[in-house]
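One structure is given here, and the rest of the page talks about it.
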Amino acid sequence: MHHITSHTKVLLADTVTPVSLYLRLRDRYPGALLLESSDYHGNENSVSFLCLSPMAEFVVENERVTQQLPGEAATCFTLKNSAEALTALTDFFQKIQLESSDDKLR
């Protein structure tokens with residue numbers, strides 16, 4: 001089991017937006033990723049994740065899966081059919097235990 005801990009920081013959206021942070025950091029951190037919630041009913045529960053320095057990787061391309069976990073060499077295998085991709089991704093996620101410094105994100 002691989003343990004990954006997220007660290008959070010609350011910022012006022014009036015001064016810095018998640019997109020502006022992403023645009024400033026994407027050139028320094030290859031593979032940077034911005035994820036945002038899509039609750040259209042209000043902003044009070046909106047959450048954005050700015051992910052830097054990937055620790056694990058799962059890629060499906062042309063029925064071929066490449067995955068890498070922290071501290072391990074990448075492994076590759078070929079799917080028998082595209083429906084197996086979801087099973088492979090689920091198996092990959094089960095090898096990772098996510099921990100958060102923020103109780104709301106657990």
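The values are calculated or read from the model by the stated rules, or taken from the named source; none is laboratory data. Bear in mind the structure is a predicted one, so any value in this text is a computation, not a measurement. Neighbour counts run over all protein chains shown; Cβ positions are idealised from the backbone, glycine included.
Miscellaneous remarks
- In summary, R64 fulfils each of the numbered conditions (1) in contact with a Ser or Thr (Cβ under 9 Å, 6 or more places away or on another chain); (2) loosely packed, with under 13 Cβ neighbours inside 10 Å; (3) modelled with pLDDT under 85 with the single exception of condition (3).
- Top-ranked residue of segment 56-74 - restricted to ones that are touching a Leu at 6+ places or on another chain (Cβ under 9 Å) and free of Cβ contacts under 8 Å to residues at least 24 places away in the same chain, ranked as nearest to M1 (Cα to Cα): E57
- F58 vs. criteria at pLDDT 85 or above and either among the basic types (K, R) or under 14 Å from the mean Cα position of the chain (by Cα) (or both): yes
- Residue in segment 31-45 that is in contact with a helix residue (DSSP H, G or I) (Cβ under 7 Å, 6 or more places away or on another chain), surrounded by 13 or more Cβ atoms within 10 Å (Cβ to Cβ), modelled with pLDDT of 80 or more and under 19 Å from Q97 (Cα atoms) present: no
- S53, sole failed condition from (1) touching a strand residue (DSSP E or B) at 6+ places or on another chain (Cβ under 8 Å); (2) part of a loop (DSSP other than H, G, I, E, B); (3) hydroxyl-bearing (S, T, Y): (1)
- Residue count, segment 82-106 (criterion: in a loop (DSSP other than H, G, I, E, B) and either modelled with pLDDT of 90 or more or small (G, A, S) (or both)): 5
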